[in-house]
Amino acid sequence: MRNITIIFVLTITLFFLLSLTSFAGNKPSPDEFQGSNNFLEENELIQFFLAYYDISYYFVHNISPTQSFIDEQGGDIRRAKEKLAVYSYLVELSEKYDGPYAPTVVLAFVKNKTPSEIEEELAVEEEYAGGILLQPYQKEGSKWRFGPVLFRQKVEDWNKDVDDIEGVSVSYADNRLKENRTWSTKGSLSYPIQFFSEFEGDNKESRVSYNYSQKAFVPAINWKYFDLSDDDTKDVEELTFLASFFSSVSHKIDRERNGLSSWRSDFYLSPFYSTDFDFDGDIIGVNFTYEPVIQYGEAFQTSSWHRFSKSLPSTYLFRFIPGLSYSHVFTEGPFIKREENDDSFGITTSFELGLKPFGQKTPWEFKTVYNLFYDFTGEDDGYFNRWDIKLSYWFLEKTGLTLEYTDGDDFLKKDSVDLVTLGLQIRL
Amino acid sequence: MSNGNYSSELNTWTIEKAVDSDYKIDFRTVQKRTKRMIAFDKNLSVSDVIVSKSLSKDLMYSDQDKADLKGYIDNFFFRDVGAVAKVSDLVEASTVSDLILRIYTKYIPDENVI
């Protein structure tokens, strides 16, 4: 009963978060910003561009206009900042079309179409929304940045673009013939604290690569929950508290010699405490992972969605994440198939392959992930593996419907998993 | 960065500095030069570089590619106005518009902008 309460609260929270993203209307329309005449004046254009391109208050606030620019705006600092935030759009609009600007012309500009095409498509609505939950906080001149709160499926995705990650999944099924119900949710809540190190540019040659590095502390809570109302033996519960340390280093490369365009290394060291929702079992441990983020020419890139070529809209995602994992069972629990004081230490590897066959900004997405764990301390065959296969349809930018099949082993609890779920996926 | 022939582009900026050492730059010119820089870097036509484009998704910039723009900004396209780009800031630029704004408000000294 307590579990159901937790899941209920979690679900309500998720739907509350979801409600903060904008569903209706999606992208604003220029005619919502026009004044009494049929055209958009400069100030109306500024407000429209700010809204259309989802430019946050945080972004605008951090712009530092020169005094002369502020003076040009009649001494109004806020207007100067807002204008600067969208100035490039105003300039490009004026280069493309002569004013005054009717809403159709402005819409044609932002959609990179002709006004006549827009007039034909007036009934068409933009599909995606772009709600923002919390803004990151960074004091001016500070090397530290705090937040925002992130909801993702894996804590390692905290610094990736929303397009490149998987979100929190929630599903519920009611089998009325067999009179059983199934709840399922999986995700991660994290709050990154980033530190930007001093950056080096070692000489004045234009084609020299510059080194930079980034570090972060990412406290997070991961959860995994599957509850079948009439058979507790098939339930899955996992609640993990992590204190992840992240370090990213960009490597200097000789492009002329080896053809690599860029190479960055992302490292994670994640001590964790894992239990279930009733805090019955206790496992502590530490994971170490390494992810190479490389680009080879323009055709191959790892760790983010990338087009096969400029002429093809299809995009792919490839990730390779090797690592090491250690864990120790302090207390046995109902969801842990390991004995008390059992130690486990081994190599982990994850291969992820994704495909968006119709292009980056289209809703269909296919992913397959193969996870491997070789346990050095295992008595028998130390190999454990798991397949995750997912088909998602993102009907909003941050909300999608996902059909997922998981088959294999849970590495931490050494329990078998064979699950098919259909549910919502939310990424913030 | 691409391996195109950039000599004519670079000469333009060198001459500009030699002719007028007190040159001040306006936003429109920063925008024009930034677009030319990206077009040159990615071997594109300037008309293909529109300000709303995402540097990573549309123009295929990796973080390292963005970091390497520092060389072009400091030494060629904005050398005449004393620009000094911060690599940590450059890698944060998300769109062409964002990059233009960073160059105009952060990398070029205030006394050199109009």
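What follows is calculated from the coordinates using simple rules that are stated; it is not laboratory data. Predicted model, so just to flag it, every value in this text is computed and none were measured. For neighbour counting, all protein chains shown are included, and Cβ atoms are generated from backbone atoms with ideal geometry for every residue, glycine included.
Taking 0.36 nm per residue of separation and subtracting the Cα-Cα distance, full extension of the segment from residue A:60 to residue A:180 would add 38.0 nm.
The value of relative contact order for segment A:276-428, using C-alpha pairs under 8 Å at least six residues apart, is 16 percent. Taken along the Cα-to-beta-carbon direction at a fixed 7 Å, the label points for residue A:31 and residue A:383 span 6.4 nm.
Distance between the modelled labels on residue A:318 and residue B:22, one decimal in nanometres: 5.7 nm (7 Å Cα→Cβ projection). Note on segment A:225-374: Kirkwood hydrodynamic radius from all Cα pairs is 18.3 Å, rounded to one decimal. In a fully extended conformation the segment linking residue A:374 and residue A:67 would gain 104.3 nm over its present Cα-Cα distance, using 0.36 nm per residue.
From a point 7 Å beyond the Cα of residue B:44 in the direction of its Cβ, which residues of segment B:65-100 have a backbone N at a distance under 14 Å? Those under the cut-off are B:66, B:94-100. With a Förster radius of 56 Å applied to the beta-carbon distance between residue B:110 and residue A:117, the computed FRET efficiency rounds to 0.85. If you average the alpha carbon positions of segment B:55-81 and of segment A:376-426, how far apart do those two centres end up, in angstrom? For segment B:55-81 versus segment A:376-426, the Cα centre distance is 40 Å. Using the Cβ-Cβ distance between residue A:243 and residue A:78 with R0 set to 41 Å, the FRET efficiency works out to roughly 0.55.
Taking every alpha-carbon pair under 8 Å whose residues sit at least 6 apart, segment A:285-348 reaches a relative contact order of 29 percent. Computed from label points 7 Å out along Cα-Cβ, the spacing between residue A:341 and residue A:403 is 4.9 nm.
Calculated FRET efficiency, residue A:265 to residue A:38, Cβ-Cβ distance, R0 = 60 Å: about 0.60 to the nearest 0.05. Here segment A:355-428 is treated as a Stokes sphere of Kirkwood radius computed over C-alpha pairs; at 20 °C and 1.002 mPa s its diffusion coefficient rounds to 153 µm²/s.
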